[in-house]
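Contents: one structure, followed by commentary.
The values are calculated or read from the model by the stated rules, or taken from the named source; none is laboratory data. Computed from a predicted model, the values in this text were never measured in an experiment. Here the Cβ positions follow ideal geometry from the backbone for every residue, glycine too, while neighbour counts run over all protein chains shown. What goes into the accessible areas is simple: the full protein's heavy atoms, side chains included, and nothing from ligands, DNA or RNA. Shrake-Rupley method; radii C 1.70, N 1.55, O 1.52, S 1.80 Å.
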Amino acid sequence: MKRFIAVLLVGLWAGLALAQALPKPGPKDLCPICGMLVSKYPHWVATIVYKDGHAHHFDGAKDMFKFWFDPPKYAAGHSREQMTRIAVTDYYNLQPIDAKTALYVIGSDVLGPMGHEFVPLASMADAEDFMKEHKGKRILRFDQVTKDLPVKLDDGKF
């Protein structure tokens, strides 16, 4: 029991540390991919933070992935090497989680601000539950997302 509590506390501390250090989108921050006001969709926010403290906010993981695969296309002078943190909003607890450790469900009946979306989840158990509840088609890790997949999601292809 003590081990469970210790693990739980470490997890909560890590989540709070990520949330505290992560800048939130302001009322005028636009997604660099689609131009939508990001703050209107707080349950879908994804954020990339750079070494200099600058942050790009996205209205969902799908647009964050589009940016990830070609930063200079959307923001001149930016590159992956300058990125220090990438976070997405967990679907269930609505808190930021590390985008590289998150799991993503695609093909579900849950749509984001721009339609079909990568739905971020913190654990495999959550991803499997979400798949069952929302008719998801696939669970992906960050490194399984290919450059063409975000565009395919735009077209409803999973």
Problem set entry | Inter-probe distance in nm under a simple model that places probes 7 Å from Cα toward Cβ, at residue 22 and residue 74 | 1.6 nm
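How many Å² of accessible area per residue for the chain, probe 1.4 Å?
56 Å²
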Seminar exercise, completed: Percent relative contact order for segment 76-158, counting Cα pairs under 8 Å at least six residues apart, stands at 28 percent
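For a protection proxy built on the mean count of beta-carbon atoms within 10 angstrom, sort 28-40, 145-157, 73-85 highest first, please.
On the way: 28-40: 16.9, 145-157: 15.0, 73-85: 12.7.
In decreasing order of mean packing, 28-40, 145-157, 73-85 become 28-40, 145-157, 73-85.
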Seminar exercise, completed: The FRET efficiency for residue 109 and residue 39, from their Cβ-Cβ distance with R0 = 30 Å and rounded to 0.05, is 0.75
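Scan the chain and note any complete DSSP helix (H) whose C-alpha atoms cover at least 27 Å along its axis and whose Kyte-Doolittle average is -0.5 or more. Don't skip to the answer; put the middle values down first.
On the way: long enough: 2-21 (28 Å, 1.51).
Sorted by number, the helices that extend far enough and score high enough are 2-21.
Pull out a ≥ b ≥ c, the square roots of the eigenvalues of the alpha-carbon gyration tensor of segment 73-127, then state rounded if a/c is under 1.5, prolate if not and a/b is larger than b/c, and oblate in the remaining case. Before the final figure, lay out the partial values.
On the way: a/c = 2.62, a/b = 1.53, b/c = 1.71.
Verdict is oblate for segment 73-127.
Answer rounded, prolate or oblate for the chain, using the Cα gyration tensor with square roots of eigenvalues a ≥ b ≥ c: rounded when a/c is under 1.5, else prolate when a/b is larger than b/c, else oblate.
Details: a/c = 1.73, a/b = 1.13, b/c = 1.53.
Oblate.
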